[in-house]
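Okay, so here's the structure we're looking at.
Each reported figure results from applying straightforward, stated rules to the coordinates on display, with no laboratory input. These numbers were taken from a predicted model, which means no experiment stands behind them. Here the Cβ positions follow ideal geometry from the backbone for every residue, glycine too, while neighbour counts run over all protein chains shown.
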Amino acid sequence: MKKYLLLLFISISFFCKGFAEEGMWLPQLLQSLNEKEMKRMGMKINASDIYNIGKGSLKDAIVSFGGFCTAEVISDKGLLLTNHHCGFDQIQNHSSIQNNYIRDGFWAYNTGQELKNPGLFATFIIRIDDVTKAVLNGVSSSLPEKERQSLIDKNMTAVRSAAKKEAYQDILIRSFFEGNKYFLFITETYRDIRLVGAPPSSVGNFGKDTDNWMWPRHTGDFSMFRIYADKNNKPAAYSADNVPYKPKRALNISLDGVKEGDFTMVFGFPGRTMEYLHSSAIAQTVNVSDPAKIAIRTKALQVIDGFMRSNEEIKIQYAAKYANISNAWKKWQGEILGLTKTNAVAKRKELEASFEKIVLSKPELNMAYMGILQNLEKAYNAIEPYAYARDYYSEIFSKIEILGFANQLKSLVNAYSNNGETGYNTTQPKVIERLGELYGEYNADVDKKLFEVLMEMYVADQKDEYVSPYFKNLLKQNDHNYAKTAAVVFERSKIYNKENLLALLTGNAKDVVDAIKNDPAYQLTLDMQQTFNNTVAEKLNSIQAEINQLQRKYMQAQMDVFTKKSFYPDANSTLRVTYGNVKPYQPRDGVKYEFQSYMDGVMQKYVPGDYEFDLPKKLINLYNKKDFGRWGVNGRQPVCFIAANHTTGGNSGSPALDAYGNLVGLNFDRVWEGTMSDINYDPSICRNIMVDIRYVMFIVDKYAEAKNLIAEMKFVSRKKK
């Protein structure tokens, strides 16, 4: 009995202690939850220097960049630094065969050369308030889910109405801890964001797919933008009269670099994590969900890569698409590897066993939470076949663009069906605009091959009942030949051809709608959607709603059971702080990686003319001359480094700050073996990858010779002389 109690105590104590590096913490709670630990790990500033609504603090230099990445203000003229891959869509949109900024890079040597980017925005967080009590007012565990959500929505409307803000500010309310807490964010969004600088992709995306998610890394993954405001420094739509934004706070840039053991902090907008899942969910990720998505993307990437390597125009058109598909594809492979290597499922089961023992030992917990683990396991087993079908449908449907075009046209057909010609005429310009954007990065030959390859997987790799009857009949008519079937669909359809479709859309509303309805690509799209909705979606959504309810209860249960643990909420694209130390790591037996990479490694990987590892001649010359300026150290140019900061998607572009809050790096990736940190953070192999800020400055200063940009930044050094 004593042995049993001792083992239980050790298990619980280990969990309650957790890992120092783990967590994505809300900045307004650092003082109460994290400040002592952060200082113990080496931080020299106070929590009030990070988040403060009474005066400028580090939070005032951090923005949500476009809603998908993070960026930071690095000058008193609104200069923004983010990743190359975060700014890539804008770089691509400005590129052409004549001005290939992807290949050659882009630099503005004065503000007049900076390029506008319609639709791009930067959002600051002004204030964060806990509104849990008001949002959950009147909500009880006995309420049915629909009634519960209806009451929450009503309460949130009241909270928004009562919140104090300026007319140019916005309100965002987000749920945390699976809906057990709610926080309100007052935000300011600037919508005049201009491209200032970007290195060539041979620097900004050096190593491309081979090096993605890998360490050691030698990528200068950065780009620069600028925020513009009206003459009163307030948010405004693009105007030639706008002026560079004057920030409350801009980051100072450290010249010191990092050494092993140094405190680091990453400040940004992480997208999504799922750290408190049941073991069945983790097992399903490893064995079912990730393998299915990997298989589909493998086929898609093979098709796109084949075209990109032989056609420069397609290479430009599909560069962003390929990168987006490849990014998650490789991440999921690393996720499986990491979850398997660290025995994540077994460890989560150990935690669940400890949880259950505590619940059993306390009557009040027993009454509230007994059976919840078994119910979660049962629900995850029930959802598995439908989740697999969902992944297959969503992955394939989203990769074949002719189906996406047809889906855009559905809104036009629906508008005509509901409101006749008036509805058609109102909707038509919007549809044409959306399609125009899509056609700018589209090639029918690529899409036809994707159709051929992926529709074969759609039929062969899932239950027959989940496959569109329309497509099965079409396939039968074409001798079960997928290439022939693809050719027939594209030959008979007017949707994939921009000129044909735009000509069609100028016709009489009724004739246009009839033509769309008779288009084979449109008919296939509707039938695929209907088949999915009838055979998968209803059951999937019902079970998922049950899982959501159980997970919310289980989240609260964990906080009630493990009372000594400080819990951090899962990432949900809101402002967070994560912190750790610069560390090497050992991913497997006999292999150890150092924490720093240098330009020597760039040259070692260099392959002239190669798609992934070519280099600009000027960069090679700078290296050969060892012309690193003040950015080099002892004749070597630092490039990247790693640390144990808990990051995820959305943290791309986040600043890596030193113990004093100075900028030492730019977060852009994680090591492959540690990508499972979204589900199961483990300090043994979880590392985030950052561009050393000295490499960024070396490229700006020595390669681009953008002295105008260097001049507007503030550099600091705390090294003892």
Once the piece of chain linking residue 140 and residue 368 is laid out straight, how much longer is it, given 0.36 nm per residue of separation minus the C-alpha distance between them? 80.7 nm
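Would you work out the charge dipole size for the stretch 273-359 about its Cα centre, treating the Cβ of every Lys and Arg as +1 and the Cβ of every Asp and Glu as -1, and quote it to the nearest 20 debye? Show your work: numbers first, answer last.
Values: 13 positive and 9 negative charges, 29 e Å.
Roughly 140 debye for the stretch 273-359.
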Where does the Debye-calculated log10 I(q)/I(0) of the stretch 35-136 sit at q = 0.11, 0.23 Å⁻¹, using only Cα point scatterers of equal weight, no solvent? -0.53, -1.30
Taking the chain and counting helices only, DSSP H stretches of n ≥ 4 at -39,500 (n - 2.57) each over all residues, the nearest-500 ellipticity at 222 nm comes to -14500 deg cm²/dmol
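How high is the FRET efficiency between residue 309 and residue 478 when r is their beta carbon distance and R₀ equals 45 Å, given to the nearest 0.05?
0.95
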Which percent of Cα-Cα pairs in the stretch 599-668 sits in each 5 Å bin, short to long? 3, 13, 19, 17, 18, 17, 11, 2, 0
Any lysines whose Cα falls less than 26 Å from that of residue 618, other than same-chain ones fewer than 8 residues away, would be 208, 315, 605, 626, 702, 707
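Pairs 259/330; 430/476; 357/539; 133/539; 449/517: which are spaced more than 26 Å apart, C-alpha to C-alpha?
Values: 259/330 29 Å; 430/476 37 Å; 357/539 33 Å; 133/539 33 Å; 449/517 24 Å.
The pairs that break the limit, which is 26 Å between Cα atoms, are 259/330; 430/476; 357/539; 133/539.
Apply 1/(1 + (r/R0)^6) to the Cβ-Cβ distance of residue 712 and residue 410, taking R0 = 51 Å, and write down the FRET efficiency to the nearest 0.05.
Details: r = 49 Å, r/R0 = 0.95.
It comes to 0.55.
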Only helices at least 30 Å long along their axis, Cα-based, and averaging -1.0 or more on Kyte-Doolittle count here, so list those DSSP H runs from the chain. 312-341, 372-399, 538-561
Within the set of other residues whose C-beta is less than 9 Å from the C-beta of residue 320, count the net charge using Lys and Arg as +1 and Asp and Glu as -1. -1
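Tally Lys/Arg at +1 and Asp/Glu at -1 over every other residue whose Cβ is under 15 Å from the Cβ of residue 171; what's the total? Walk me through the numbers on the way to the answer.
On the way: positive: 127, 160, 164, 165, 174; negative: 129, 130, 153, 166, 170, 188.
With Lys, Arg at +1 and Asp, Glu at -1, the net is -1.
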If each residue's Cβ is checked for other Cβ atoms within 10 Å, how do 335, 21 rank with the fewest at the top? 21, 335
Take the alpha carbon atoms of the stretch 514-581, find their center, do the same for the stretch 255-328, and report the distance between the two centers in whole angstrom. 19
So for the stretch 234-302, taking the charge dipole from beta-carbon charges (+1 Lys/Arg, -1 Asp/Glu), which of 254, 264, 301 sits furthest toward the positive end? 301
Taking the highest mean first, how do the peptides 620-628, 36-44 order by number of other beta carbon atoms within 10 angstrom per residue? 36-44, 620-628
From the alpha carbon gyration tensor of the stretch 426-483, can you work out the equivalent ellipsoid semi-axes (sqrt of 5 times each eigenvalue) and give them in Å, largest to smallest? 29, 15, 11
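What Kirkwood Rh does the stretch 419-570 have if only Cα atoms enter the pairwise 1/r average? Answer in Å.
Details: mean 1/r = 0.0520 Å⁻¹.
Result for the stretch 419-570, one decimal place: 19.2 Å.
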Students often check this: by mean Cβ neighbours within 10 Å, which of 96-108, 450-462 ranks highest, and how do the rest follow? 450-462, 96-108
Exposure proxy check on 109, 393: fewest-to-most Cβ neighbours within 10 Å is 109, 393
Report the calculated FRET efficiency for residue 418 and residue 502 (r = Cβ-Cβ distance, R0 = 25 Å), to the nearest 0.05. 0.60
What length, rounded to one decimal in nm, is gained on full extension from residue 168 through to residue 626, with 0.36 nm per residue of separation minus their alpha-carbon distance? 159.9 nm
Here Rg/Rh (Cα, Kirkwood) for the stretch 279-559 equals 1.07
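If each residue of separation counts as 0.36 nm, what is the full-extension length gain between residue 541 and residue 99 once their alpha-carbon separation is subtracted?
Full extension from residue 541 to residue 99 adds 154.4 nm.
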Enter the Cα centre distance for the pair the stretch 37-52 and the stretch 648-721, rounded to the nearest angstrom. 19
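With a/c under 1.5 counting as rounded, go ahead and sort the stretch 518-613 into rounded, prolate or oblate using the C-alpha gyration tensor (a ≥ b ≥ c being the square roots of the eigenvalues; past the cut-off, prolate if a/b is larger than b/c, else oblate).
oblate
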Compute the distribution of all C-alpha to C-alpha distances in the chain, in bins of 10 Å from 0, and list the percent of pairs in each, rounded to whole numbers. 3, 13, 22, 26, 22, 12, 3, 0, 0
